[in-house]
Amino acid sequence: MILPKFDYNAPATLDEACQMMANYGDRAKLLAGGTDLLIALKKKAVTPTQVVALDRVDEILGFCADEEGTYLGSRTTAAEIATADLGPAGQVLSQAAAQVGSPLIRNLATIGGNLVTAMPAADMAPPLLALQASVVLQRIGDQRELLLSDFFVSPGEQVMLPEEIMSMIVLPRLPEGCGGAFEKLGVRKALERSIVSVAAVISLADDGRTIKGARIALGAVAPTPMLAHDAAASLYDRKATPKNFAAAAKIAAREARPRGLRTSAVYSRLMVEQLTIRALTRAYEAANL
């Protein structure tokens, strides 16, 4: 299939890329790994007159950490994140990254692209929601940081302006005694979009049994990746027991808003319940490591 005609731009710096986006506006599309954009171009789902490639912009590549948190460049690939040591809580993101597409796709797909496409089934969105992540959006002369929970609007739509580029994802430093886990249901083992996914992060008190905080995020069961606020709140100050995990999972299933596109709403809710139990159980085990 032949790609539509467009001008190809290869800026060397983030400022240069931002200037191009300011000039071109909604006539341009950003190209990072290209695993989503190239498919959209071939299908003529998008027809930009300008493509701005980010593969030379090293400022948004890789990750680092300090006492405040972890900073992931938006060009960091799923493969790099899958093998990163992000700690007992951060492993929820590594586990999700390891299930993005196939090995070839993981070597190309970027964390920024996974978020910007704003797909309900995006694998890395639920873990980032559970980790209280925020995103940094850059444009000429300005930048803004907002919580990922405020980023998604609807399927395929988020709050970015045409001239903005996502430069960084910020993970706040979590206290000791935190653990995370990710669970995904798909038809196949690889190259499969989620039917349901669940990410859980819990924080334990000094006794190693009492839950002092929890965040549960769901993917592919609502118009956007979402937090199951009530399910997480039900665990506060309770013991980490199978009974309490099962009760929270039932609440998470009620909070889900499946659209019934790839499977029935009933089945989606049942799978949310089962995967939430698994994710909470594994997150608890990770918090005790």
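Rounded to whole Å, give me the distance from the Cα center of segment 10-56 to that of segment 112-129.
That distance is 19 Å.
Hey, what did the chain get for relative contact order, percent, Cα under 8 Å, at least 6 apart?
Once divided by the residue count of the chain, the mean separation gives 17 percent.
Hey, which lysines would be in cross-link range of K43, C-alpha to C-alpha under 19 Å, not counting anything within fewer than 8 residues on its own chain?
Within reach: K5, K29.
With a 10 Å cut-off between alpha carbons and a GNM built on the chain, which of L115, L275, L174 moves the most?
Among L115, L275, L174, the largest mean-square fluctuation in the Gaussian network model of the chain belongs to L174.
What list of ³J(HN,Hα) values in whole Hz, one per residue of segment 250-264 in order, does the Karplus curve 6.51 cos²θ - 1.76 cosθ + 1.60 (θ = phi - 60°) give from phi, with Gly and Pro shown as x?
Values, residue by residue: 4, 5, 4, 4, 6, 6, 4, 10, x, 9, x, 7, 9, 7, 6 Hz.
Would you mind calculating the relative contact order of segment 7-53 from Cα pairs under 8 angstrom and at least 6 residues apart, reporting the percent as a whole number?
About 59 percent, as a whole number.
Mind counting lysine pairs for me in segment 148-286? Cα separation below 19 Å, and the two need to be 8 or more apart along the chain or on different chains.
Value for segment 148-286: 4.
Just T224, T70, T110 to compare: in a GNM of the chain, with alpha carbon springs under 10 Å, which one fluctuates most?
Of T224, T70, T110, the most mobile in the Gaussian network model is T70.
Can you list residues whose amide H is under 5 Å from F63's amide H, if they're 5+ apart or on another chain and H is modeled 1.01 Å from N?
G73
Can you put S194, S154 in order of Cβ neighbours within 10 angstrom, beginning with the fewest?
S154, S194
Mind pulling the angle between the C-alpha long axis of helix 265-287 and the longest principal axis of the chain? Nearest 10 degrees, somewhere in 0 to 90.
Around 80 degrees separate the two axes.
What does the charge add up to near Y24, with Lys and Arg as +1, Asp and Glu as -1, over the other residues with Cβ less than 13 Å from its Cβ?
In short, -2.
Dipole size in debye (nearest 20) for the chain around its Cα centre, Lys and Arg Cβ +1, Asp and Glu Cβ -1?
The calculated dipole for the chain is roughly 1540 debye.
Modelling each spin label as a point 7 Å along the Cα-to-Cβ direction, I'd like the T49/A233 distance in nm, to one decimal.
About 5.0 nm separates the two model spin labels.
From Cα pairs below 8 angstrom and at least 6 apart in sequence, can you work out the relative contact order of segment 174-289, rounded to a whole percent?
32 percent
Measure off 7 Å from each Cα along the Cα-to-Cβ vector at N107 and T241, then give the distance between these two points in nanometres to one decimal.
The modelled label-to-label distance comes out at 5.0 nm.
Every read-out reported here was derived from the displayed coordinates using simple, explicitly stated rules and does not represent laboratory data. The structure displayed is predicted, hence computed values, not measured ones. Note that we place each Cβ from the backbone using ideal geometry, even for glycine, and neighbour counts take in every protein chain shown.
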